[in-house]
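Notes follow once the structure below has been shown.
Nothing in this text is a laboratory measurement; each read-out follows from the coordinates by a stated rule. Since this is a predicted model, take the numbers as computed values, not measurements. Cβ coordinates were reconstructed from backbone atoms using ideal geometry, including for glycine residues, and neighbour counts include every protein chain displayed.
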Amino acid sequence: MCGRFTLTVDADSIQTYFPWLDEIPPQIMPRYNIAPTQPIAAVPNDKPNAVDHFLWGLIPFWAKDPNIASRMINARADTLAEKASFKNAYKRRRCLILADGFYEWAKVPGQKAKQPYYLRMEDGAPFAFAGLWEEWQSPEGSQIKSATIITTEPNPLVAKVHNRMPVILHPKDYQAWLSPKETPPTELQHLLTAYPAEEMVAIPVSPRVNSPANEGPENIVPVG
């Protein structure tokens, strides 16, 4: 799964790396420990040139309780087309979730505590996870926009740390993923594969990232 990630750049830097975006909220600030049910920056396919804030954790439109979000932070690529929680969004409501790294925890022989790793592009550039989004309406009429990160089998680098990894889309595939048209899964499934390991690095970092309360650049400083 992907349970924590970062977006350590500001709005100006996002514009530099994603020059086709027309709308980027100026209040986006560097984040070093984004956790489930917190706000995340995403580009939905109904407004494919605009960044908006979504709650991390999908709330299907049919859900009776928004607390389901905490259990819906990830969606497995291999079952998207079958699961009631995801199949409609897979065809109609896809998004890019902006990031520049994510954390995973590896077992350490002889120790109970796991070692956190920070995984990012070798050049440190921002990228986009493949995501799904929904808009949920409460009985009182309030609305919540939410999103989930799609995961897949890990590449050889991530496999040393964890048995799943988030789907990182290649920039050439952004347009296809953000198509506003209803798209059958057969036309999208080939995009949901592991990003090349040779373009990524895995960095052991401090266990301070274990707590979502701990923010700041200290989280991604190498240890050991």
When the chain is modelled as a GNM with alpha-carbon springs shorter than 10 Å, which of THR16, THR151, THR183 fluctuates the most?
THR16
Note on the stretch 5-220: contact order normalised by length, alpha-carbon pairs under 8 Å, 6 or more apart, percent, works out to 23
Check: C-alpha center the stretch 194-209 vs C-alpha center the stretch 34-94, spacing in Å is 24
Per the Kirkwood definition applied to all pairs of different Cα atoms, how many angstroms is the hydrodynamic radius of the chain?
17.7
For PHE127, list long-range residues whose amide hydrogen, built 1.01 Å from N in the peptide plane, is under 5 Å from its own amide hydrogen.
ALA99, ASP100
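Among HIS170, HIS162, which comes first, second and so on when ranked by fewest other beta-carbon atoms within 10 Å?
Lowest to highest Cβ neighbour count: HIS170, HIS162.
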Tell me, TRP177, TRP20 in order of fewest to most beta-carbon neighbours within 10 Å?
TRP20, TRP177
In whole Hz, with x marking every Gly and Pro, tabulate ³J(HN,Hα) for the stretch 73-84 from phi via Karplus 6.51 cos²θ - 1.76 cosθ + 1.60, θ = phi - 60°.
6, 10, 9, 6, 4, 6, 10, 4, 6, 10, 6, 4
Longer than 23 Å from Cα to Cα, which of LYS47/LYS145; LYS114/LYS145; LYS64/LYS181; LYS83/LYS181; LYS91/LYS145; LYS83/LYS107 are they? Say none if no pair is.
LYS114/LYS145; LYS64/LYS181; LYS83/LYS107
One finds, for GLN15 and ASP46 with R0 = 25 angstrom and r their Cβ-Cβ distance, a FRET efficiency to the nearest 0.05 of 0.75
Top mean-square fluctuation among LYS145, LYS83, LYS91, Gaussian network model of the chain, C-alpha springs under 10 Å?
LYS83
A student applying the Cα gyration tensor rule (rounded when a/c is under 1.5; otherwise prolate if a/b is larger than b/c, oblate if not) would label the stretch 1-134 oblate
Assign unit charges at the C-beta atoms only (+1 for Lys and Arg, -1 for Asp and Glu), then state the dipole size of the chain relative to its Cα centre in Debye, rounded to the nearest 20.
840
Anyone know which of GLN189, GLN143, GLN38 comes out most mobile in the 10 Å Cα GNM of the chain?
GLN143
